[in-house]
Amino acid sequence: MRPSRLCLILFTALIATLRLACAAPTDDNPAAALAAALEARRQPLQLADGVLQGAGAARLLADARAAQFVLVGEDHGFADVPAFTLALQRALAPAALVMEIGPHSAARVERALRADPQALARLQATHPFAVPFLCWREYAALAGAAVGAPAPALWGIDQEFVLSPRLHFARLAELAPDADARRLAEDYRRRDAEAYRTLVERRDPGAALLPRLREQDFAALRGAFAGAAPEARALIDALADSAALYRGQSTDPYASNRDRAKLMKRAFMTRYVALAARQPQPRVLFHMGAYHVGRGRSPTDQYDVGNLAAELAESTGARSYHVLVLAAGGRVNRWLPFAPDAALKQADYDAHAELDPLGAGPLLDHALRGSWTLFDLAAMRDEPALRKAGGPAFDRLVFAYDAVVVIDVAQPARFFGD
């Protein structure tokens, strides 16, 4: 055998041995390898006086500024997450803010805020819980900042909320083409107000009117408003679609979630196409529940609006940046008007119970103490052994989100009046 051939064999064997040696920690103790990788990829982050600071903030803002779509996913009910998104909004100056509310509710909110910056506080006092999330001060501040921006745009892309018809039937009464249509809209408004009172008094969410309305109810409204403005007819259709979605949650949850995802995507594209015709590749900021704004298939087995944003950005040569913001502990607001215990406004948060199904357990375990933590998940996508060490849900999370921010001790969102 010639020396050169022998050297090649020995060199190849040496490389193989080194590879085995390097792989041994992952193979023998995958949890330790994952822990070391997460600790190497974490950076401190702070939010002070409405500004993101620290090494993690520099990295996050650089990535966000390079993206057309920036999507913030959350578990609802914390004060810190809308405050985080508000800081992003100030830093990025997006053309639009997308929130998890209905399009007609968003239009109502935008009109009201233009006339009165305190409109959401007044709305909560007169029509409590009519617009989801915006009954909390921190979420209202986020929406208000979007409306008050130089080129304001607040986009609601969800179904109309189950407790919102009081507002919408009042709007229909304003848009009524004649006295008969106005009387019909006022009758539905009174029925919905009575249903809400019953819901609160009996602590019974099943008393809500919207899911109990049937096609004949909406047919009567469509007939009465046949000659009305397009807004009125679109509002009736939106309420009918929303009623069907809520009913479907008890009969066929998968189909209901599927229809909801399609509704969100259609609503987003309607607004986006109109804006993009005036402003090529406009930057859009999303603030929604974590299940809606990740890439790929969601935990409810849907390809939701977050996946649409990712594909839309790539199809035009742009980028999307998906950030999941979680709490490692602290308190959360879980109170609803049918909940008997007011202590739920400041409920202890069991992070592992809430977030392990999402795959976030390893991130909670290796977050910094005394600081917020930014984890770079995108860097782990080409390391399958590390991803798999975190379990199937963690593996999916790495591809759904580019980064995760972990808040060490979170604060609950606050209602107006509390």
- Among Pro132, Pro94, which is closer than 27 Å to Leu326 by Cβ, touching a strand residue (DSSP E or B) at 6+ places or on another chain (Cβ under 6 Å), part of a loop (DSSP other than H, G, I, E, B) and not polar (S, T, N, Q)? Pro94
- (1) in a helix (DSSP H, G or I); (2) buried (at least 23 other Cβ atoms within 10 Å of the Cβ) all hold for Thr373 apart from (1)
- Query: Scanning for something surrounded by fewer than 17 Cβ atoms within 10 Å (Cβ to Cβ), in contact (Cβ under 8 Å) with a residue 40 or more places away in the chain and of a type in the set (A, V, I, L, M, F, W, C), does the stretch 319-336 turn up at least one residue?
  - Reply: yes
- Message: I need the full set of residues from the stretch 247-278 which are among the polar types (S, T, N, Q) and exposed (fewer than 12 other Cβ atoms within 10 Å of the Cβ), in order please.
- Response: Ser250, Thr251
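Among the candidates Asn307, Asn333, which residue alone is in contact with a helix residue (DSSP H, G or I) (Cβ under 6 Å, 6 or more places away or on another chain), within 23 Å of Thr85 (Cβ to Cβ) and assigned by TED's automatic domain parsing to the domain that holds Val406? Write out each step before concluding.
On the way: Asn307 fails: in contact with a helix residue (DSSP H, G or I) (Cβ under 6 Å, 6 or more places away or on another chain).
Exactly one of Asn307, Asn333 is in contact with a helix residue (DSSP H, G or I) (Cβ under 6 Å, 6 or more places away or on another chain), within 23 Å of Thr85 (Cβ to Cβ) and assigned by TED's automatic domain parsing to the domain that holds Val406, namely Asn333.
Looking only at the stretch 146-169, count every residue that is surrounded by 18 or more Cβ atoms within 10 Å (Cβ to Cβ), part of a helix (DSSP H, G or I) and free of Cβ contacts under 8 Å to residues at least 60 places away in the same chain and tell me the total.
Our first condition is that a residue be surrounded by 18 or more Cβ atoms within 10 Å (Cβ to Cβ); within the stretch 146-169, this holds for 146-147, 153-169.
With the extra rule that they be part of a helix (DSSP H, G or I), the set shrinks to 146-147, 165-169.
Those left that are additionally free of Cβ contacts under 8 Å to residues at least 60 places away in the same chain: 146-147, 166, 169.
Number satisfying all stated conditions: 4.
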- All positions within the stretch 212-240 that are surrounded by 17 or more Cβ atoms within 10 Å (Cβ to Cβ) and closer than 18 Å to Met264 by Cα: Leu235, Ile236, Ala238, Leu239, Ala240
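Just to check your reading of the model, which residue among Asp49, Asp80, Asp75, Asp63 is of a type outside the set (S, T, N, Q) and under 16 Å from Leu377 (Cβ atoms)? Let's see the steps before the verdict.
Working: Asp49 fails: under 16 Å from Leu377 (Cβ atoms); Asp80 fails: under 16 Å from Leu377 (Cβ atoms); Asp75 fails: under 16 Å from Leu377 (Cβ atoms).
That would be Asp63, the only listed residue that is of a type outside the set (S, T, N, Q) and under 16 Å from Leu377 (Cβ atoms).
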- In the stretch 107-127, residue farthest from Ala238 (Cα to Cα) [restricted to those that are in contact with a helix residue (DSSP H, G or I) (Cβ under 6 Å, 6 or more places away or on another chain) and small (Gly, Ala, Ser)]: Ala119
- Message: Going through Ala219, Ala267, Ala276 one at a time, which residue ends up being in contact with a helix residue (DSSP H, G or I) (Cβ under 7 Å, 6 or more places away or on another chain) and of a type in the set (A, V, I, L, M)?
- Response: Ala267
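Does Ala67 qualify as being assigned to a loop (DSSP other than H, G, I, E, B) and among the small types (Gly, Ala, Ser)?
Values: assigned to a loop (DSSP other than H, G, I, E, B): yes; among the small types (Gly, Ala, Ser): yes.
Criteria met by Ala67.
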- Query: In this structure, is Leu355 farther than 30 Å from Arg197 by Cβ and in a helix (DSSP H, G or I)?
  - Reply: yes
- Message: Any residue in the stretch 26-48 that is surrounded by 12 or more Cβ atoms within 10 Å (Cβ to Cβ) sitting within a Cβ distance under 8 Å of a residue that is in a helix (DSSP H, G or I) and of a type in the set (Phe, Trp, Tyr)? List the pairs, counting only those 6 or more apart or interchain.
- Response: Leu47/Phe84
- Item | the stretch 105-129, residues that are surrounded by fewer than 23 Cβ atoms within 10 Å (Cβ to Cβ) and small (Gly, Ala, Ser) | Ala107, Ala112, Ala115, Ala119, Ala121, Ala125
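The values are calculated or read from the model by the stated rules, or taken from the named source; none is laboratory data. These figures come from a predicted structure and were not determined experimentally. When we count neighbours, we look across all protein chains shown, and the Cβ atoms used for this are built from the backbone with ideal geometry, even at glycine.
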